[in-house]
Structure formats: structure tokens, C-alpha cells
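Participant: The structure that follows is given in the form of C-alpha cells.
The values are calculated or read from the model by the stated rules, or taken from the named source; none is laboratory data. Since we're looking at a predicted model, the values are computed, not measured. So basically every Cβ, Gly included, is an ideal-geometry build from the backbone, and we count neighbours across all protein chains shown.
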Amino acid sequence: MQKERHFKQVDVFTSVPFRGNPVAVILDAAGLSDADMQAIARWTNLAETTFVLPATDPAADYRVRIFSPESEFPFAGHPTLGTAHALLEAGLQPKSDGMLTQECGVGLVSVQIRADGSLAFRAPQAELVNLDDRDYPLLARALNIRPVDFPAPAVIASMGISWLVVRLESARQCLDIQTNAQAFLELVEHCGTDGIALYGPNEIDDPTDFEVRAILPEYGQLVEDPVTGSANACIAWVKQAQAIADNHVIHDGNDSAYSVRQGSLLQRNGHVAVNYQDQHPWIGGHSITVINGTINIPA
């Protein structure tokens, strides 16, 4: 016996279909077991599949569980925005005007509904730890560059999902990186991160400020994520910490806002908008539903 459940597949960080990062959203996951959710996520074979449940916290509009094909994440960025988009499109009325509150493994996450139709999540607090000096030779081997090519300290940033954040000299250098898989896998295992987030500044006449790449192991192989909310959130926290260390002030609003392009090497065109409110990064972008219907799940 099967039960039809509402299902959407949403392309996140894009307003043009097939140019962002897809997430599958099961809009009614009540009654599904952990094993059911993991099996569905394995079958969709997307980076993440989300499962919407009734909130247990009275302050939340909904609860979400986030699964990759291999495991559950307490938080992930593009699934947060894609799920919020799917629920609003399905008619969810927020408890607070202009703001959704998502309950997930890291607690409550605010999702702002912006006037231009985009959504932005308030990045969960990140724990930041500088990469040990002894690990830079391994990082250089993992990225096939010289150790002297790092213009800023590499930082392990963790917010339920963990990224090693590495700034490079330029967007061109970021795009030219060709990883050494063996050294890369050794490094992320040693650091306890889910992957490495690379970023470099674009040319001054480019419409975006930074190029970002997020590379991670999956089933023992390296894959590149098209557009990554959590990696951009970790980068935003690192940029803020490094600005403070350099005695620079991160101002709220447009003064410290910046834009990101991600997915260039994958024939994607993801765009991420980052700004700071009350010294806290918000990660935003547009989403668009590509598939809308039902999924048959054994009852």
C-alpha cells in the first residue's frame, strides 16, 4: 500500500531553472521513519532531501530534517531556503510578518522573506578554529598550489556542517584549482570537516564580488557542489572574524554586503547575496520550483 505525499523539487540560488542547486522537499513527512527518510534521500540522489514535520517548538513555523544520500545533517543552507520557498508556495502563512522560523538540528533558524521575492537565512553561529600551521603543506598538496599562495589564514568553520574555509588570491586562481584527491581526503578527515570552501575576489568590473567553490567527498570520491548556503555562511563568519582581527568594522546593511557567484565550472550560475544585520551574516538568494507534484511512499 502506498500513500501520496506532496513533493517539490526546488532550484535554489537562482531565478532561472537548472542553473542553481536542487533540493527535494517532502512537504508532509509525518509518520516516516529515519530509515524511510534515508532511503528516499538515497533514491532522489540529490545533495540533500528535506522532510517537513510539525514544529515541536511553539516559536517555529515548521520543523525540517535534512538528509544527504549518506546521512542526516543538523543544518544545511540551500535546503533551508528551498524548503522555505516550497512551503510559502504551498500556502504556509508565517507566524511573523516577513519572517519564517525553521526548527532543525541546530535549533531555530530565521528565514527572511524579502521584497524582491528572495529569501535569506540568518546564519547559525559558527565555531572558528584556525588551521594548524603544520597542516598547510597538506592543504597546499590538496589544492596543488604552493604554501605561500594563501593570502589569509585557513579556518575550520563549523555550524552543524563544517567547512575548511580557504581564501585565494583571485577568482581566477579559485577556478583554476585542480585538487589532489588523496591529499584532499586525508586533509578533510584529519580536520574533521565536510569539505573545503574556496573563495577569491573577482575583477573590479565583474558584477559579483567573489567566486566560490565548495568541494567535498561523497562515497569516497570528490564532488563539487553547485551552490552552497552553509559554505557561504561559513565564509561570511570567517570574513567577519578576519576583518575584526585587522581592526576593521563590519557595518550592518549595504556597507558590508557582498555578492557571490558559484557553480561556474559546473555550467551553473548560482548567485548568493550576503549582508550583515546586528553583526550577524544573512545568506540570501532566489529560488524557483522545477517539479511540483506527489511522491508515492509505502504507507
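Participant: Do you know which residues across segment 132-157 are touching a residue at least 60 places away in the same chain (Cβ under 8 Å) and not in a loop (DSSP other than H, G, I, E, B)?
Facilitator: Let us first name the residues in segment 132-157 that are touching a residue at least 60 places away in the same chain (Cβ under 8 Å), namely 152-153, 155, 157.
V155, A157 - these are the residues of segment 132-157 that are touching a residue at least 60 places away in the same chain (Cβ under 8 Å) and not in a loop (DSSP other than H, G, I, E, B).
Participant: On to the next question. From E89, E48, E103, grab the single residue that is in contact (Cβ under 8 Å) with a residue 12 or more places away in the chain, under 30 Å from R261 (Cβ atoms) and touching a Lys or Arg at 6+ places or on another chain (Cβ under 9 Å).
Facilitator: Working: E48 fails: touching a Lys or Arg at 6+ places or on another chain (Cβ under 9 Å); E103 fails: under 30 Å from R261 (Cβ atoms).
Selected residue: E89, the only one of E89, E48, E103 that is in contact (Cβ under 8 Å) with a residue 12 or more places away in the chain, under 30 Å from R261 (Cβ atoms) and touching a Lys or Arg at 6+ places or on another chain (Cβ under 9 Å).
Participant: Only one residue in T208, T193 is closer than 20 Å to E48 by Cβ, assigned by TED's automatic domain parsing to the domain that holds A241 and in contact with a strand residue (DSSP E or B) (Cβ under 6 Å, 6 or more places away or on another chain), so which one is that? I'd like the intermediate steps shown before the answer.
Facilitator: Numbers: T208 fails: closer than 20 Å to E48 by Cβ.
None of the other options fit; the residue is T193.
Participant: For A231, indicate whether it is out of contact with any Gly (no Cβ under 9 Å at 6 or more places or on another chain) and either without any contact (Cβ under 8 Å) to a residue 24 or more places away in the chain or not assigned by TED's automatic domain parsing to the domain that holds R19 (or both).
Facilitator: Details: out of contact with any Gly (no Cβ under 9 Å at 6 or more places or on another chain): no; either without any contact (Cβ under 8 Å) to a residue 24 or more places away in the chain or not assigned by TED's automatic domain parsing to the domain that holds R19 (or both): yes.
No: the conditions fail for A231.
Participant: Sticking with this structure for a sec: Out of P147, P201, I need the residue that is surrounded by fewer than 18 Cβ atoms within 10 Å (Cβ to Cβ) and either assigned by TED's automatic domain parsing to the domain that holds R261 or acidic (D, E) (or both). Which one? If you could, list the steps in order and put the result at the bottom.
Facilitator: On the way: P201 fails: surrounded by fewer than 18 Cβ atoms within 10 Å (Cβ to Cβ).
Result of the check over P147, P201: P147.
Participant: Can you confirm whether segment 237-255 contains a residue that is in contact with a helix residue (DSSP H, G or I) (Cβ under 8 Å, 6 or more places away or on another chain), of a type in the set (S, T, N, Q) and either part of a helix (DSSP H, G or I) or crowded, with 16+ Cβ neighbours inside 10 Å (or both)? Explain how you work it out, then say what you get.
Facilitator: Initially, segment 237-255 is screened for residues in contact with a helix residue (DSSP H, G or I) (Cβ under 8 Å, 6 or more places away or on another chain), giving 249-250.
From the residues that got through so far, the ones that are of a type in the set (S, T, N, Q) too are none.
No, the conditions are met nowhere in segment 237-255.
Participant: Also: Could you list, in sequence order, the residues of segment 59-87 that are small (G, A, S), surrounded by fewer than 21 Cβ atoms within 10 Å (Cβ to Cβ) and farther than 22 Å from C234 by Cα?
Facilitator: A59, A60
Participant: Let me spell it out: the conditions are (1) in contact with a strand residue (DSSP E or B) (Cβ under 8 Å, 6 or more places away or on another chain); (2) hydroxyl-bearing (S, T, Y); (3) more than 21 Å from G195 (Cα to Cα), and S33 meets all of them except one. Which number is the exception?
Facilitator: (1)
Participant: So, in segment 121-149, how many residues would count as being farther than 29 Å from G285 by Cα and in contact with a helix residue (DSSP H, G or I) (Cβ under 8 Å, 6 or more places away or on another chain)? So that I can check it myself, show each step before the final result.
Facilitator: First, the residues of segment 121-149 that are farther than 29 Å from G285 by Cα: 131-142, 144-149.
Filter once more, keeping what is in contact with a helix residue (DSSP H, G or I) (Cβ under 8 Å, 6 or more places away or on another chain): 131, 135-142, 145-147, 149.
Going through segment 121-149 one residue at a time, the tally reaches 13.
Participant: In this structure, does A142 turn out to be in the same structural domain as C191 (by TED's automatic domain parsing), within 19 Å of R213 (Cα to Cα) and in contact with a Phe, Trp or Tyr (Cβ under 7 Å, 6 or more places away or on another chain)? Walk me through how you get there before you give the answer.
Facilitator: On the way: in the same structural domain as C191 (by TED's automatic domain parsing): yes; within 19 Å of R213 (Cα to Cα): yes; in contact with a Phe, Trp or Tyr (Cβ under 7 Å, 6 or more places away or on another chain): yes.
Criteria met by A142.
Participant: Can you tell me which residue is surrounded by the most Cβ atoms within 10 Å (Cβ to Cβ) among those in segment 160-184 that are under 20 Å from T208 (Cβ atoms) and of a type outside the set (A, V, I, L, M)?
Facilitator: So the first thing to find is which residues in segment 160-184 are under 20 Å from T208 (Cβ atoms), and the list is 163, 165-177.
Cutting the leftovers down to of a type outside the set (A, V, I, L, M) gives us 163, 167, 169-170, 172-174, 176.
Values: W163: 30, R167: 21, E169: 14, S170: 14, R172: 13, Q173: 17, C174: 23, D176: 13.
Only one residue tops the list, namely W163.
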